[in-house]
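Just below is one structure, and these are the notes that go with it.
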Amino acid sequence: MATIVFLIVSNLSLFLVSFSGTILNTYLFYKFSTRRGVISGFYKLCLVKTIPNAIVCACFLFWAVPLSTLRVKNSKVPRDANVFVGQLAGAGAYIFGPLLHVCMAANRFSSLYFAVQIIKANRYPITITSIGISVIIAIVFTVMGLPKDCGFLYFPETLEWLSEEADCSTFQYDLLLYSIFGCAVISNTMNLATAGRLLFDKVGGMSKTDSKTRRKKYLVNFSQSVLQDCLHVFDMINSTYTTQLNPSAWFQFLCLTFSFVSIHFLDGCVMFYFHSELHPRWLWRRAVKKRSLIRVVAMSKISTLGLVLNIYLFRKFSNKPGKASSFHKLCLVKTIPNSIVCASFLLWVVPISVVQPDYDKIPRILNVFVGQIAGFGAYVTGPLLELFMSLNRFAALYFATRHLGIADFPLTGFAIIGAFGIAVLYTALGFRPNCGFVFYPENFTWDKEYTECATGMSTLIFYTVVAISTWTNLLNVATAIKLAVNKASH
């Protein structure tokens with residue numbers, strides 16, 4: 001049973017996030033819609049994306065929060081109104097976001113790979129048509145839950161959004177789950193193709209300055225699209241899988257309710273961050289004055305917290321009683337590259353940023369040493385270990401019998417040694433003359449040295465991480481499907 005403290009804290013947090021999300025997305029809608037001049041397809045999609053964000057946040061602000069605050073009994077909530085709000089926020093608006101993400105990814109992909117054809121097709125309302133199709137699909141998902149016992153409801157006593165228990169409700173949830181995953185796979189596939197094109201993008205027919213400006217614009221839109229994609233997948237994983245890890249009220253609240261509203265608030269934050277032309281003037285002036293101080297303070301706090309947290313985790317993982325599983329060992333080792341990167345920031349980047357020396361006065365060998373260890377060795381170790389974690393879970397589900405048969409063979413140990421071997425190789429490659437990864441204190445950035453050798457190294461690690469991430473996510477998708485099938489069969 002939920003305690004009064006839990007109810008107060010949870011309702012207050014929901015109110016703050018939903019209120020902030022409603023205000024922010026309404027502000028973004030106003031700014032996007034009142035911008036003068038020619039509006040690009042990507043800009044139109046951003047404008048429309050604020051609508052589902054605002055709908056979800058408003059449903060929390062004007063429905064979920066009042067019901068929970070007044071402590072209304074589940075049985076006293078009118079079902080028709082509850083289902084309408086639940087379907088509107090949890091099905092229609094929820095699927096509308098990922099559909100728009102696919103449109104955004106397709107917009108960036110097509111503008112890079114089919115630039116000439118896109119110019120010729122501009123006479124057709126492609127963006128409006130794709131938005132219209134997305135709206136129709138969202139309406140279908142909303143209407144699907146309106147029949148009896150098929151809806152998505154809010155339960156104010158436990159502060160949870162849950163589906164009703166009829167078969168049609170289960171079908172709708174599964175359809176929504178696979179639709180979200182499908183949209184994520186499609187959009188991220190196009191995002192990967194876009195990233196590869198951006199890496200080698202050389203725009204002909206224009207000056208070097210114009211080419212660099214256009215490439216920066218593409219990178220900004222690409223980064224925004226990727227971050228927005230990840231938010232919805234994160235919430236679906238929370239509501240489908242993570243919620244099963246702990247039955248306590250606070251954990252269920254975080255996975256089923258707080259995560260739901262938070263991703264729509266954060267989605268608005270992502271758009272606000274990447275569209276600086278929408279920022280209020282007072283915020284811009286203040287940011288210019290305090291930018292350097294904020295960066296140093298932020299880096300010091302995050303790196304300190306990260307270092308302390310990963311050292312604590314290393315100690316806890318290594319001191320756990322009993323025989324450690326392979327997954328446990330991989331988690332233990334994963335804290336090492338995390339700690340290395342955080343320590344590199346805390347003990348190198350922060351002091352240099354405070355002193356602000358000229359780049360030429362920084363000992364190159366030290367700068368390259370720290371940069372290669374943190375930016376190449378530790379950086380590639382993390383994805384490799386994550387690949388082995390995904391492979392471990394995949395093998396445990398699909399090849400359980402064989403997995404037990406080779407349990408005595410030290411596969412995990414060899415995998416960890418292999419990961420560190422590759423990390424050492426990547427680290428050493430940068431010690432060649434003018435081939436390293438270094439920190440530039442004047443603009444607070446890690447970047448390669450400006451040589452062909454360093455560019456080649458940057459390209460190598462980019463494709464290495466992309467390839468590893470692709471395999472990792474394929475294994476994770478296969479694992480998620482197996483888990484979903486097992487759940488359905490039970």
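Among residues of the range 69-101 being assigned to a helix (DSSP H, G or I) and basic (K, R), the one that is farthest from T170 (Cα to Cα) is K76. You will find that of L347, L309, the residue that is open to solvent by 80 Å² or more (accessible area, probe 1.4 Å), closer than 28 Å to N476 by Cβ and either small (G, A, S) or free of Cβ contacts under 8 Å to residues at least 12 places away in the same chain (or both) is L309 and no other. Filtered by the rule that a residue be closer than 23 Å to L411 by Cα and either among the β-branched types (V, I, T) or touching a His at 6+ places or on another chain (Cβ under 8 Å) (or both), the range 315-361 gives F317, K320, V333, T335, I336.
Of the residues A396, A407, A454, the single one that is hydrophobic (A, V, I, L, M, F, W, C), at pLDDT below 85 and not in a helix (DSSP H, G or I) is A407.
Test C150 against the stated conditions and say whether it is under 27 Å from P66 (Cα atoms), modelled with pLDDT of 85 or more and either in a loop (DSSP other than H, G, I, E, B) or in contact with a His (Cβ under 9 Å, 6 or more places away or on another chain) (or both). Yes: the conditions hold for C150.
Could you please find all residues in the range 446-465 being of a type in the set (S, T, Y) and open to solvent by less than 50 Å² (accessible area, probe 1.4 Å)? T451, S458, T459, T464, listed by residue number. On inspection, Q372 fails the criterion of being in contact with a Pro (Cβ under 6 Å, 6 or more places away or on another chain) and of a type outside the set (A, V, I, L, M). For the range 319-335, filtered to residues that are open to solvent by 60 Å² or more (accessible area, probe 1.4 Å) and in a helix (DSSP H, G or I), the residue that is nearest to R393 (Cα to Cα) is F327. If only residues of the range 274-286 that are open to solvent by 20 Å² or more (accessible area, probe 1.4 Å) and in contact with a helix residue (DSSP H, G or I) (Cβ under 8 Å, 6 or more places away or on another chain) are counted, the one that is modelled with the lowest pLDDT is W284. For residues in the range 430-445 being more than 28 Å from the chain's Cα centre (by Cα) and open to solvent by 50 Å² or more (accessible area, probe 1.4 Å), which is nearest to E386 (Cα to Cα)? Checked the range 430-445; the qualifying residue nearest to E386 (Cα to Cα) is F431. The single condition among (1) under 22 Å from G375 (Cβ atoms); (2) of a type outside the set (A, V, I, L, M); (3) within 21 Å of the chain's Cα centre (by Cα) that C331 does not satisfy is (1). Does F444 satisfy the condition of being over 18 Å from T479 (Cβ atoms), modelled with pLDDT under 85 and either of a type in the set (A, V, I, L, M, F, W, C) or touching a Lys or Arg at 6+ places or on another chain (Cβ under 6 Å) (or both)? Yes: the conditions hold for F444. Are any residues in the range 81-118 modelled with pLDDT of 90 or more, open to solvent by 30 Å² or more (accessible area, probe 1.4 Å) and more than 21 Å from V135 (Cα to Cα), and if so, which ones? Result: A81, single match.
For the range 2-24, the condition holds for at least one residue, the condition being that it is at pLDDT below 90 and either of a type in the set (D, E, K, R) or not in a helix (DSSP H, G or I) (or both).
The residues of the range 306-325 that are touching a helix residue (DSSP H, G or I) at 6+ places or on another chain (Cβ under 8 Å) and modelled with pLDDT of 85 or more, listed by number, are G306, L307, N310, I311, L313, F314, F317, S318.
Here P247 clears all of (1) of a type outside the set (K, R); (2) open to solvent by 10 Å² or more (accessible area, probe 1.4 Å); (3) in a helix (DSSP H, G or I) except the condition numbered (3). Would you confirm, using the coordinates I've provided, whether T194 is part of a helix (DSSP H, G or I) and open to solvent by 60 Å² or more (accessible area, probe 1.4 Å)? It is false that T194 is part of a helix (DSSP H, G or I) and open to solvent by 60 Å² or more (accessible area, probe 1.4 Å).
Sub-9 Å Cβ pairs linking a first residue in the range 1-25 that is over 14 Å from L61 (Cβ atoms) to a second residue that is of a type in the set (V, I, T) and not in a loop (DSSP other than H, G, I, E, B), at least 6 apart or interchain, are L7/T69; S10/T257, ordered by first then second residue. From (1) under 21 Å from the mean Cα position of the chain (by Cα); (2) open to solvent by less than 40 Å² (accessible area, probe 1.4 Å), pick out the condition that doesn't hold for L61. All conditions are met except number (1).
The values are calculated or read from the model by the stated rules, or taken from the named source; none is laboratory data. Keep in mind that this is a model prediction, so the values were computed, not measured. Glycine gets a Cβ as well: all are built from the backbone with ideal geometry, and neighbour counts include every protein chain shown. Only protein heavy atoms, including side chains, enter the accessible area calculation; ligands, DNA and RNA are left aside. Shrake-Rupley method; radii C 1.70, N 1.55, O 1.52, S 1.80 Å.
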